[in-house]
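The values are calculated or read from the model by the stated rules, or taken from the named source; none is laboratory data. Remember, it's a predicted structure, so these values are computed and weren't measured experimentally. When we count neighbours, we look across all protein chains shown, and the Cβ atoms used for this are built from the backbone with ideal geometry, even at glycine.
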Amino acid sequence: MDHQFNFCPNCATPLQLLSEVEDGGPKLRLRCPACGWTHWNNPTPVLAAIIEMEDRDGQVLLARNAAWQGRMFSLITGFMEAGEAPQEGIAREVLEETGLRIDAPSLVGVYDFQRMNQIIIAYHVLASGEIVLSPELAEYRLFRPEDLKCWRAGTGYAMADWLTARGIAPKWVELAPNPESPASAR
C-alpha cells in the first residue's frame, strides 16, 4: 500500500492502517484514529498519446523523458487536470510537450497501471508540423508502426491494442521495472 501521508491533515494525529466496513466490505486503509479522516489513495488519471505523424508517412512519435536513464522512448503522457475533459487534456499535453497540435483524438482504451497507482487513458491522435520538445523531454524518435515494441504494463498494452487494431502483431520487450517512468512503450 502506497503511504503518501504519515499524519492526518485535519488534526495531525499519526495515521494508522485501520480496517472499516465500506460498501464492498471491510477495507484496510490509512485512517486517522482520532477524527476518522481517510486517505483513499485512489488511482490518478494519466493521459497518453500515440502520436501518428501525418506529414512523416504515418510514423509514430515517441520521446525520452529527461529524467530517465538509458534509451527508453515512450508515448507522450501527462496528468489530467481538474476541470478538463480527457480529450482536452491530451491535446494540452501533446502541445505542451511536443509543440504539436492534434487532430482526431480517438480513444484506444483505459489501462490499469497499479505499480504507479494510475489509470492510463490512451488516445491515438494525428499530428503534423515542427516538433519542439519541452525541457521535460530529452529527445524524440519517429518509428514505423511495425517497428514499435511494447512492454507488458500501462501504455505498452495501449500500444499493443492500437497495433493489433491496425493488423500489426505487437512485438514485446521485457524491461526491468523503473518506478520513475510512469508510462513507457518502446
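Points worth noting:
- Residue check for GLU146: farther than 26 Å from ALA85 by Cβ, charged (D, E, K, R), at pLDDT 90 or above and exposed (fewer than 12 other Cβ atoms within 10 Å of the Cβ): yes
- For region 73-96, the set of residues classified as more than 14 Å from the chain's Cα centre (by Cα) and surrounded by 21 or more Cβ atoms within 10 Å (Cβ to Cβ) consists of ALA91 only.
- Filtered residues of region 104-146 (kept if acidic (Asp, Glu) and in contact with a Gly (Cβ under 7 Å, 6 or more places away or on another chain)): GLU130
- Criterion (within 21 Å of LEU175 (Cβ to Cβ), touching an Asp or Glu at 6+ places or on another chain (Cβ under 6 Å) and either of a type outside the set (Ser, Thr, Tyr) or surrounded by fewer than 20 Cβ atoms within 10 Å (Cβ to Cβ) (or both)) met by exactly one of GLY156, GLY70, GLY109: GLY109
- Failed condition for ALA34, given (1) hydrophobic (A, V, I, L, M, F, W, C); (2) outside any strand (DSSP E or B); (3) within 28 Å of GLY89 (Cβ to Cβ): (3)
- Pairs with Cβ under 6 Å, 6+ apart, first in region 15-40 and in contact (Cβ under 8 Å) with a residue 24 or more places away in the chain, second among the aromatic types (Phe, Trp, Tyr) and part of a loop (DSSP other than H, G, I, E, B): LEU15/PHE5; HIS39/PHE5
- Against the test of being of a type in the set (D, E, K, R), surrounded by 11 or more Cβ atoms within 10 Å (Cβ to Cβ) and not assigned by TED's automatic domain parsing to the domain that holds PRO145, the options ARG31, ARG101 yield a single qualifying residue, ARG31.
- Residue match in region 65-76 (condition: within 14 Å of TYR123 (Cα to Cα) and not hydroxyl-bearing (Ser, Thr, Tyr)): yes
- The set of residues in region 119-138 being more than 30 Å from ASN41 (Cβ to Cβ) and over 14 Å from the mean Cα position of the chain (by Cα) consists of VAL125, LEU126, ALA127, SER128, GLY129, GLU130, ILE131, VAL132, LEU133, PRO135, ALA138.
- Any hit, region 62-72, residues being part of a loop (DSSP other than H, G, I, E, B) and among the basic types (Lys, Arg): yes
- When LEU107 is tested against (1) part of a strand (DSSP E or B); (2) more than 24 Å from ARG152 (Cα to Cα), only condition (2) is not met.
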